[in-house]
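A.B. asks: Below is one structure. I have some questions about it.
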Amino acid sequence: MAVEVTVPDPEVQARALALRFRHWDRAHSGYLELSDLKRSARRLGAAFGRAANAPEQLALEESCRQLWEILARHAGVDHNGRISEDEFIAAFAEEVLADPAEFDRVYRIILENVVKTADADGNGKLDLGEYVRLMRSWYSAGESDAVAAFAKLDHDTDGFLTLEELVRAAMEFYLGESPSLAAFPSSR
């Protein structure tokens, strides 16, 4: 299901993308490298006891690599290069967010693989405990922030987050329609 894209406020979108850049730039180098994305995927897998060769883990790492390739191509760097925060913001906005089909092909797939990796009980959705563990490992969010985000994102209040709820939240976050950026905290 393709997402509907609205024209966001450029400043709000840039702020959201800067937060996401810092999420992946855990070394605070000011640059993003493919290894940063791979480390994030491995950290998430480790938090859920996924072996390095587990199908969920391999799929998550591959989807992160595909995102890197798109960003790197836009920024004019090869797979061993680095992307600055400004390059990341421009590339993500122009290559991933501007086209609903590209968002689905790239970012929705990452979210799908995040859910598969974090879905410890295999029911296809995340309960509060799984989500808190996901947020701690993927975003370095505190438990209270993760619990608050879960409550905001669980629109049908069934006690679970589905892929569709997470896709909706991501689009709201990136397009500046979310009432709070706290739904996807920056790394601390």
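A.B. asks: So Pro179 clears everything in (1) at pLDDT 95 or above; (2) surrounded by fewer than 20 Cβ atoms within 10 Å (Cβ to Cβ) except one condition, right? Which one?
C.D. replies: (1)
A.B. asks: Now, a different point. For Leu44, all conditions in the list (1) surrounded by 14 or more Cβ atoms within 10 Å (Cβ to Cβ); (2) under 24 Å from Asp86 (Cβ atoms); (3) touching a Ser or Thr at 6+ places or on another chain (Cβ under 8 Å) hold save one; what is the number of the exception?
C.D. replies: Failed condition: (2).
A.B. asks: Another question about this same structure. Which of the residues spanning region 79-119 are basic (Lys, Arg) and in contact with a strand residue (DSSP E or B) (Cβ under 8 Å, 6 or more places away or on another chain)?
C.D. replies: Matches in region 79-119: Arg82 only.
A.B. asks: Can you confirm whether region 128-140 contains a residue that is β-branched (Val, Ile, Thr), crowded, with 17+ Cβ neighbours inside 10 Å, part of a helix (DSSP H, G or I) and without any contact (Cβ under 8 Å) to a residue 40 or more places away in the chain?
C.D. replies: yes
A.B. asks: Pull up region 61-78, narrow it to residues that are among the small types (Gly, Ala, Ser) and in contact with a strand residue (DSSP E or B) (Cβ under 8 Å, 6 or more places away or on another chain), then point me to the one that is surrounded by the fewest Cβ atoms within 10 Å (Cβ to Cβ).
C.D. replies: Ala75
A.B. asks: Which pairs have Cβ atoms under 7 Å, sit 6 or more apart or on different chains, and link a residue in region 57-68 that is under 13 Å from Ala118 (Cα atoms) to one that is among the β-branched types (Val, Ile, Thr) and assigned to a helix (DSSP H, G or I)?
C.D. replies: Pairs found: Gln57/Thr117; Leu60/Val114; Leu60/Thr117.
A.B. asks: Let me ask something additional. Quick one: Asp156 ticks every box in (1) surrounded by fewer than 17 Cβ atoms within 10 Å (Cβ to Cβ); (2) without any contact (Cβ under 8 Å) to a residue 40 or more places away in the chain; (3) under 22 Å from Phe21 (Cβ atoms) bar one, so which box is it?
C.D. replies: So the condition that Asp156 fails would be (3).
A.B. asks: Of the residues that sit in region 9-29 and are of a type in the set (A, V, I, L, M, F, W, C) and surrounded by 13 or more Cβ atoms within 10 Å (Cβ to Cβ), which one is farthest from the chain's Cα centre (by Cα)?
C.D. replies: Step by step, filter region 9-29, then rank; the result is Val12.
A.B. asks: If we only count helices (runs of 4 or more DSSP H) wholly inside region 48-107, which ones have 1 or more residues that are of a type outside the set (Gly, Ala, Ser), farther than 15 Å from Glu33 by Cα and at pLDDT below 90?
C.D. replies: The qualifying helices (runs of 4 or more DSSP H) are 100-103.
The values are calculated or read from the model by the stated rules, or taken from the named source; none is laboratory data. The structure presented is a predicted model; accordingly, all values stated were derived computationally and were not measured. Methodologically, a virtual Cβ is constructed for each residue, glycine included, from the backbone with ideal geometry; neighbour enumeration extends over all protein chains shown.
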